[in-house]
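A.B. asks: Encoded as structure tokens, here's the structure I'll be asking about.
Every number here is computed from the coordinates shown, using simple stated rules; none is lab data. These figures come from a predicted structure and were not determined experimentally.
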Amino acid sequence: MRALASVVSLVLAMLASPAWADCPLDLGHGVGWVVYSQNYMIAFRPDPSRIEIGEPFALVLNVCTKRGEVAELVGVDAQLSDEGRAPSQHLKIVPGKDGRYRAEGLLLPTAGRWEVAFDVRSAGDSERLTHEIVVQK
């Protein structure tokens, strides 16, 4: 019971911290993912919410440092995990305000395990974060 209380306290403290308040992880529509590294947090969701094979889609993102500061999205890439080949796409990154971005023109031409990579930077420090997305037929 004491362990559960500690976990609940930790979660509540994290939710109340400035990093969480300044970097909202909920992008709406009830879908999406959050990727963490030692220095960054990225919340993202596809638009439309269902990724269709061979159909272009966008990613709506919020990119922040763990200190709650706005970070810059430098690039987005995707490759098929099993084969290591990148899809053909005409990616356009559209910046919003307060660390919000829209990456348009993504295309996943086949079903499989796709590794999506996000290149971010802040104050001269850059990092690549990745997340795997499984696309089924």
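A.B. asks: Taking the alpha-carbon distance from LYS137 and a cut-off under 19 Å, which aspartates and glutamates remain once sequence neighbours fewer than 8 residues away in the same chain are dropped?
C.D. replies: Here the aspartates and glutamates satisfying the reach criterion relative to LYS137 are ASP47, GLU52, GLU55, ASP82, GLU83, GLU115.
A.B. asks: For the stretch 38-137, what class follows from the C-alpha gyration tensor (a ≥ b ≥ c being the square roots of its eigenvalues): rounded when a/c is under 1.5, otherwise prolate if a/b is larger than b/c, else oblate?
C.D. replies: Details: a/c = 2.18, a/b = 1.70, b/c = 1.28.
Prolate.
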